[in-house]
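Structure first, then comments.
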Amino acid sequence: ALFAISCDTVFEHGDCPALTEPREVNFVLAIDAPNTTRAEWGTTEPTDEIGSSFENRILPESLRISVYSTTHTPLGDIEDLLYWPINADGTRYQFQGRLPEAVTTALESETEYKFMVYANSSEGENPSLQYTFDELDMTNGAIPMWGVKQVDLSGLLNRVSQDIGVISLLRAVAKVEVLVDEALSGCQIETATINYHNRLGYVLPTGWET
């Protein structure tokens, strides 16, 4: 006869940790689609890293990671979030945090979950998740970003920590790049103005959960 088991003790050298014990996840945040806003603000070279430039900056203190069921039910936020640089110049960060209890206690019956990242949003605790144009401070601020990833957490059935890989982020602000034709190479643009634009935006697009 075949029996389904939820815990593998061969590699753990002992009993599996009870699901009443806290579980942690590790992940990296990355901007994987640089071509969406490839040109850089300022004179620095384009970079795909989460760094100090306004375009790619992430403010860890303005970061929220929420966990949802695959049917879009909110289950709580990652708690006790820690982060540390994983490259020499400190422009890319590894994150670690504790799963909400609602996820941990349900792992034996459900292992697929969605992780939603709200980055650089001062209204991260607000359900409307709005931001205004005036909040886009190029010197000390950062562009609101969001990302979502569905993850199988079955690895947490027999250990207390799991690496869930990279969560890709998209910017919630569009950038207009003005290009000059080669025939006008001797000319210089002194000013550019957008007559109509929204001064209020949303961190998450409609239908993000799908």
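The values are calculated or read from the model by the stated rules, or taken from the named source; none is laboratory data. On a predicted model such as this, the values are computed, not experimentally measured, just so you know. Note that each Cβ is placed from the backbone with ideal geometry, even for glycine, and that neighbours are counted across all protein chains shown. What goes into the accessible areas is simple: the full protein's heavy atoms, side chains included, and nothing from ligands, DNA or RNA. Shrake-Rupley method; radii C 1.70, N 1.55, O 1.52, S 1.80 Å.
Quick notes
- Selection of the stretch 150-164 for residues being in a strand (DSSP E or B) and over 12 Å from THR70 (Cβ atoms) yields SER161, GLN162, ASP163, ILE164.
- In the stretch 172-210, of all residues being open to solvent by 40 Å² or more (accessible area, probe 1.4 Å) and part of a strand (DSSP E or B), the one that is nearest to SER109 (Cα to Cα) corresponds to TYR202.
Results for (1) among the aromatic types (Phe, Trp, Tyr); (2) exposed (fewer than 14 other Cβ atoms within 10 Å of the Cβ); (3) at pLDDT 85 or above, shown as yes or no for each residue.
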residue: SER66; (1), (2), (3): no, no, yes
residue: THR71; (1), (2), (3): no, yes, yes
residue: GLY90; (1), (2), (3): no, yes, no
residue: GLY97; (1), (2), (3): no, no, yes
residue: VAL103; (1), (2), (3): no, no, yes
residue: LEU107; (1), (2), (3): no, no, yes
residue: THR111; (1), (2), (3): no, no, yes
residue: VAL117; (1), (2), (3): no, no, yes
residue: ASN126; (1), (2), (3): no, yes, no
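- Residues of the stretch 133-166 satisfying the condition of being open to solvent by less than 40 Å² (accessible area, probe 1.4 Å), modelled with pLDDT under 90 and in contact with a Lys or Arg (Cβ under 7 Å, 6 or more places away or on another chain): ALA142, ILE143, MET145
- Looking across the stretch 20-64, just one residue is outside any loop (DSSP other than H, G, I, E, B), at pLDDT below 70 and either in contact with a His (Cβ under 8 Å, 6 or more places away or on another chain) or open to solvent by less than 20 Å² (accessible area, probe 1.4 Å) (or both), and that is THR37.
- Residue count for the stretch 132-183, restricted to those that are closer than 19 Å to TYR93 by Cβ and under 18 Å from the mean Cα position of the chain (by Cα): 20.
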